[in-house]
Amino acid sequence: MSPRPHIPIRLQVNGLPVEVAAPSSTLLVDLLRGNLGLTGTHQGCDTAQCGACTVLVDGAATKSCNVLALQINGAKVVTIEGLEAADGSLHHMQQAFGRHHALQCGFCTPGMVMRGVAMAAEGVPAQANAISKALCGNLCRCTGYRGIINAICEGLQKMRAPNPGVPKA
């Protein structure tokens with residue numbers, strides 16, 4: 001059997017241009033974790049059921065275990081590592097997760113944070129019932145949903161505030 005040909009894939013990842021030669025069958029999660037070393041994106045179920053691998057692709061929440069990297073050639077990808085500001089301060093959503101103790105084992109956290117960030121652009125109201133519905137594709141094995149929902153509610157409010165900026169830690 002001959003090796004699969006490698007195809008150039010060009011993306012902007014966390015604000016930086018990236019070009020990687022990979023087989024056409026490479027999943028986005030594998031490209032991020034393996035080729036680029038961005039291990040904050042967790043690989044959970046491999047069937048787009050748990051949401052641990054959620055990243056933003058051109059601003060939309062995307063389960064990276066269910067997308068070929070080649071499918072998003074030319075796109076802008078933001079991972080959990082890309083939320084941190086240049087000065088090292090955390091994103092509002094990340095800070096809210098800490099304040100509300102929305103991390104238990106932490107496996108689902110990167111996907112939950114990224115899904116929460118996407119909710120701001122989607123216009124999801126900062127209300128528990130709306131957030132709960134919008135989170136239906138992200139699972140927490142520890143059942144820490146109360147803290148997660150409270151954190152996303154606060155994060156959405158801060159992100160939507162006039163001149164939200166990323167606060168200093």
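With Cα atoms as the point set, region 38-125 shows a radius of gyration and Dmax of 12.8, 38 Å.
A straight Cα-to-Cα reach below 18 Å connects K133 with the aspartates and glutamates E122, E154, residues fewer than 8 places away in its own chain not being considered.
Label sites at R99 and D46, each approximated as a point 7 angstrom past Cα along Cα to Cβ, lie 4.0 nm apart.
Positive-end ranking of I9, A85, A22 along the dipole of the chain, with charges on Cβ about the Cα centre, is headed by A85.
Taking every DSSP helix (H) stretch of at least 4 residues in the chain, weighting each as -39,500 (n - 2.57) and dividing the sum by the residue count yields a mean residue ellipticity at 222 nm of -8000 deg cm²/dmol. Multiplying the residue separation of S24 and D87 by 0.36 nm and subtracting their alpha-carbon distance yields 19.1 nm. The residue among G137, G74, N163 whose Cα reaches farthest toward the positive pole of the charge dipole of the chain, with charges on the beta-carbon of Lys, Arg, Asp and Glu, is G137. Think of each Lys and Arg Cβ as +1 and each Asp and Glu Cβ as -1; about the Cα centre, that makes the dipole of the chain roughly 320 debye.
When the trypsin sites (Lys or Arg not before Pro) in region 71-169 are filtered for DSSP coil states and for at most 14 other beta-carbon atoms within 10 Å of their beta-carbon, the remaining sites are R141, K168.
Bridge orientation summary for the chain: considering DSSP beta bridges with both residues in this region, about 90 percent are antiparallel. Working note: Cα gyration tensor of the chain, eigenvalues times five, square-rooted, sorted largest first, giving semi-axes of 29, 18, 13 Å. For region 6-82, the equivalent ellipsoid derived from the Cα gyration tensor has semi-axes of 17, 14, 11 Å, listed largest first.
We did not get these values from a lab; they are worked out from the coordinates using the rules stated. This one's a predicted model, so the numbers in the text were calculated from it and none came from an experiment. With ideal geometry, Cβ positions are generated from the backbone for all residues, glycine too; neighbour counts draw on all protein chains shown.
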